[in-house]
Amino acid sequence: MNEKKNKKKQNRLFMRSAILLVLIAAIGYTLYNNATAEDVTVLEVGDKAPDFSLVDLEGNAHKLSDYKGQGVFLNFWGTWCKPCAKEMPAMDRQYEQFKDQGVQVLAVNIAQSEFEVQNFADQYKLSFPVVIDKTKSVMTAYNIIPLPTTVLVNPEGEIERVVTGEMTEQDIKGFMEEIKPE
């Protein structure tokens with residue numbers, strides 16, 4: 001009986017030690033990750049919008065800095081995103097109204113295949129440039145997490161507003177008015 005008690009104590013001691021080692025390892029890993037993590041700059045209204053160059057479905061390069069002097073409606077989206085699909089036709093209608101007033105739309109797809117993105121653009125008959133962020137570098141530079149997210153860039157190349165979630169057509173119209181050159 002004593003031998004049984006000793007065996008139970010030994011097993012408990014072993015389990016407690018194992019759990020303690022796992023906890024110490026987890027804490028060490030967390031501390032190491034926090035100490036070596038790269039500083040991610042959170043973009044705010046008034047910050048200079050990070051420049052980038054992405055290629056559209058027709059093979060044309062679009063560099064953000066090429067649109068200096070215009071308002072840029074920078075929409076990050078995915079074909080699988082239901083709110084993205086709902087707002088795209090409204091964005092296209094408003095783009096048709098504002099494109100001759102100095103407002104540019106760039107729809108930045110997040111790392112999907114050209115086939116998927118082209119089918120989506122054809123289905124919704126999109127007239128604005130659709131580009132694919134294949135490496136997610138632009139998404140990372142802009143700290144995009146939920147989709148859809150729209151970054152409004154004013155004619156001076158500064159972030160005017162960041163909008164997360166689905167927008168109504170009235171929202172889109174108002175935002176385009178906001179970034180329209182005077």
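The values are calculated or read from the model by the stated rules, or taken from the named source; none is laboratory data. In this text, all values refer to a predicted model and were calculated from it rather than measured experimentally. Here the Cβ is made from the backbone with ideal geometry for all residues, glycine too, and neighbour counts use every protein chain on show. Just the protein is used for accessible areas: all its heavy atoms, side chains included, with ligands, DNA and RNA removed. Shrake-Rupley method; radii C 1.70, N 1.55, O 1.52, S 1.80 Å.
Key figures
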quantity	calculated
Qualifying residue in the range 8-16 (condition: surrounded by 10 or more Cβ atoms within 10 Å (Cβ to Cβ), at pLDDT below 95 and of a type in the set (F, W, Y))	yes
Residues of the range 166-182 classified as surrounded by fewer than 16 Cβ atoms within 10 Å (Cβ to Cβ), in contact with a helix residue (DSSP H, G or I) (Cβ under 6 Å, 6 or more places away or on another chain) and part of a helix (DSSP H, G or I), total	1
Residue, nearest to the chain's Cα centre (by Cα), within the range 137-165, restricted to residues that are assigned to a loop (DSSP other than H, G, I, E, B) and within 26 Å of W80 (Cα to Cα)	I144
Residue within the range 98-117 that is in a loop (DSSP other than H, G, I, E, B), open to solvent by 80 Å² or more (accessible area, probe 1.4 Å) and either modelled with pLDDT of 95 or more or touching a Pro at 6+ places or on another chain (Cβ under 9 Å) (or both) present	no
Count of the range 118-136 residues which are assigned to a helix (DSSP H, G or I) and not hydrophobic (A, V, I, L, M, F, W, C)	4
Some residue of the range 117-129 being more than 19 Å from A49 (Cβ to Cβ), among the small types (G, A, S) and out of contact with any helix residue (DSSP H, G or I) (no Cβ under 7 Å at 6 or more places or on another chain)	yes
Cross-chain or 6+ apart pairs with Cβ under 9 Å, the range 60-87 first and open to solvent by 10 Å² or more (accessible area, probe 1.4 Å), then aromatic (F, W, Y) and part of a helix (DSSP H, G or I)	T79/F120; A85/F120
V163 vs. criteria without any contact (Cβ under 8 Å) to a residue 24 or more places away in the chain and out of contact with any helix residue (DSSP H, G or I) (no Cβ under 6 Å at 6 or more places or on another chain)	yes
Sole exception among (1) open to solvent by less than 30 Å² (accessible area, probe 1.4 Å); (2) in contact (Cβ under 8 Å) with a residue 40 or more places away in the chain; (3) in contact with a helix residue (DSSP H, G or I) (Cβ under 8 Å, 6 or more places away or on another chain) for Y142, by number	(3)
Filter result for the condition that a residue is touching a Lys or Arg at 6+ places or on another chain (Cβ under 8 Å), without any contact (Cβ under 8 Å) to a residue 60 or more places away in the chain and not β-branched (V, I, T), over A107, A111	A111
